[in-house]
Structures are given as C-alpha cells and as structure tokens.
1. Report, to the nearest whole %, how much of the accessible area of the stretch 97-154 belongs to carbon and sulfur atoms, 1.4 Å probe, protein only.
2. Per 0.36 nm of contour for each residue apart, how much would the distance between Ile49 and Val33 grow if the chain were fully extended, relative to their Cα-Cα spacing?
3. I need the phi-derived Karplus couplings for the stretch 135-144: 6.51 cos²θ - 1.76 cosθ + 1.60, θ = phi - 60°, integer Hz, Gly and Pro marked x.
4. Give me the number: length gained by fully extending Arg101 to Ala129, i.e. 0.36 nm times residue separation minus the C-alpha to C-alpha distance, one decimal in nm.
5. 7 Å from Cα along Cα→Cβ at both Ala152 and Glu116: what's the point-to-point distance in nm?
Amino acid sequence: MKPADRWRTGVRWAALGAISALTMPSVGWSADVVPIPGYWEITSIATLIISSKTVEQKCFTDGDISKFLQGPSNRHYTCTYPTRVVGDGHILLQGRCVTKRGQVALISARGDYSAEHFRLTARLRTKIAGAPLAATATTTARRIGDTCPGNAPS
C-alpha cells in the first residue's frame, strides 16, 4: 500500500474513532446528544499533495462503536490521543500515530456532531525521508437509516 493510501486509511480510522469517542462517558455531559448506531454515509476528502474524495456507506452497530472506544488504530498505525475533549456537540483530538516501522505522525482534529451528523477536520504532520509533510482531511458523515442493508459493510 502506498504511503498516501495508508494515510487516508489512518484518517478514516481517526474519524471512526472520533465517532466512538463521542460515546465515551465523561463527567459533565450526560445530557449531550451523541451519534447513534445505524446506516451512515461517510464522505472523506484528503489532501496530501493532491486531493482525493471517497464516499462510502457503512453500518455502525453498538458492537462496532464499542470496538473503537480504545481509539483509532489499524494494522498500519497505532494511534494514541492523550487529548480527547468531547461534549456539547464539539470534539477535539490531539495525538500521534506510529507505523510498524516507527514513522511518527502528529495528528489533531476538530469537529462538530449531533445524533445523525458528524464533521471532523484532521491535520497531520510527519516527515518522509527527512522532508516535512503536512496533510489535511475532512470527514463528513450523515446517518441515512435506522437499519442496514444486508450487504452493507461495517
């Protein structure tokens, strides 16, 4: 997989992790409305030298949300988010992702959410072959149904 493809995958995981972070209990925001399980359409626009756009539909169940409670990571990256501020329809994440080969990327993300909508803009900084590299990704999600089609990815 190309570095740009791995980065886009990491950004998608970050967005999914952010959705799950909204379900984490936190003192002082018990009345907060959080995204709910169902069928969602997710649009991601990533800019790393060039821009690319993906649109996909995914099914999020209670179990899927639980998987992300520990934070977004995948087989290419291990991510930690020491700063995770969630409440009143807003989210702020700051952390770092490390590849299996030890490449470190700093990531910060801000967004807004409701029960059926979500928007997250992430900024990533890293170095490739010693050269600094910055990227931006915006993920917008909207809930499109209570139930998922039988062939919907999760």
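1. Working: 1810 of 3570 Å².
Answer for the stretch 97-154 is 51 percent, counting heavy atoms of protein chains only.
2. On the way: separation 16, 0.36 × 16 = 5.76 nm, distance 3.62 nm.
Result for the pair: 2.1 nm of gain on full extension.
3. 9, 9, 9, 10, 10, 10, 10, 9, 6, 10
4. Working: separation 28, 0.36 × 28 = 10.08 nm, distance 1.30 nm.
Taking 0.36 nm per residue and subtracting the Cα distance, the gain is 8.8 nm.
5. It is 1.3 nm.
The values are calculated or read from the model by the stated rules, or taken from the named source; none is laboratory data. Given the structure is predicted, the values throughout are model-derived calculations rather than measurements. Cβ atoms come from the backbone with ideal geometry, glycine included; neighbour counts cover every protein chain shown. Surface accessibility is based on the protein's heavy atoms, side chains included, excluding ligands, DNA and RNA. Shrake-Rupley method; radii C 1.70, N 1.55, O 1.52, S 1.80 Å.
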